[in-house]
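All remarks here apply to the structure that follows.
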Amino acid sequence: MIVKAFADGDKATLGNLLSPEVYAGFATAIDQRKAAGEQTSTKLVSIDETDFAEGAVKNGNAQISLRFSAKMITATRDASGEVVQGDPDLVISTDDLWTFSRQIGSPDPTWRLIATESDHKA
């Protein structure tokens, strides 16, 4: 959901799924793309592996870090349709570490993304 919402520029969805700090970075990137007249497309080809990396309780919040190994296709096009980043025909492998947090005891079941680390390879 997060990857698709980011590619689609869906800040409303991202606002519900990201911490304010992570949201600010995503929103800035979306605004920069929009100002440049660019659009991004992302296709998740496969999630090859998901591993638990770490869990903790901090300041009344449960936190969990997960490593995702996946394959995707992503490309950003300018206003004329020319590819300016990525490749719409190239599958890339990604290894991402995402950390999620949820307030313990909250009636809201949403785990929000609070940090990411990525390593993309062609």
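Just so you know, all these numbers are worked out from the coordinates, no wet-lab data involved. None of the values given here were measured: they were computed from a predicted structure. When we count neighbours, we look across all protein chains shown, and the Cβ atoms used for this are built from the backbone with ideal geometry, even at glycine.
Just add up the charged neighbours of VAL83: K/R +1, D/E -1, any other residue whose Cβ is under 13 Å from the Cβ of VAL83. With Lys, Arg at +1 and Asp, Glu at -1, the net is -4. Divided by 2.2 N^0.38 Å, where N counts the residues, the Cα radius of gyration of the chain comes to 1.15. Across region 42-122, the relative contact order, built from alpha-carbon pairs under 8 Å that are at least six residues apart, equals 27 percent. Summing +1 for each Lys or Arg and -1 for each Asp or Glu, what net charge is found among the other residues whose Cβ lies under 13 Å from the Cβ of PHE26? Every neighbour counted, the sum reads +1. How much net charge surrounds ARG112 when only other residues with a Cβ under 12 Å from its Cβ are counted (Lys, Arg +1; Asp, Glu -1)? Result for the neighbourhood of ARG112: -1. Working note: Karplus 6.51/-1.76/1.60 with θ = phi - 60° gives region 36-52 the couplings 7, x, 9, 10, 10, 10, 9, 10, 7, 7, 6, 9, 7, 7, 10, 10, 6 Hz, where Gly and Pro are set to x. Annotation: amide H of VAL84 within the under-5 Å range of THR76, ARG77, ASP78, sequence separation 5 or more or interchain, hydrogens built in the peptide plane.
For LYS58, the lysines whose Cα comes closer than 28 Å to its Cα, not counting residues fewer than 8 places off in the same chain, are LYS11.
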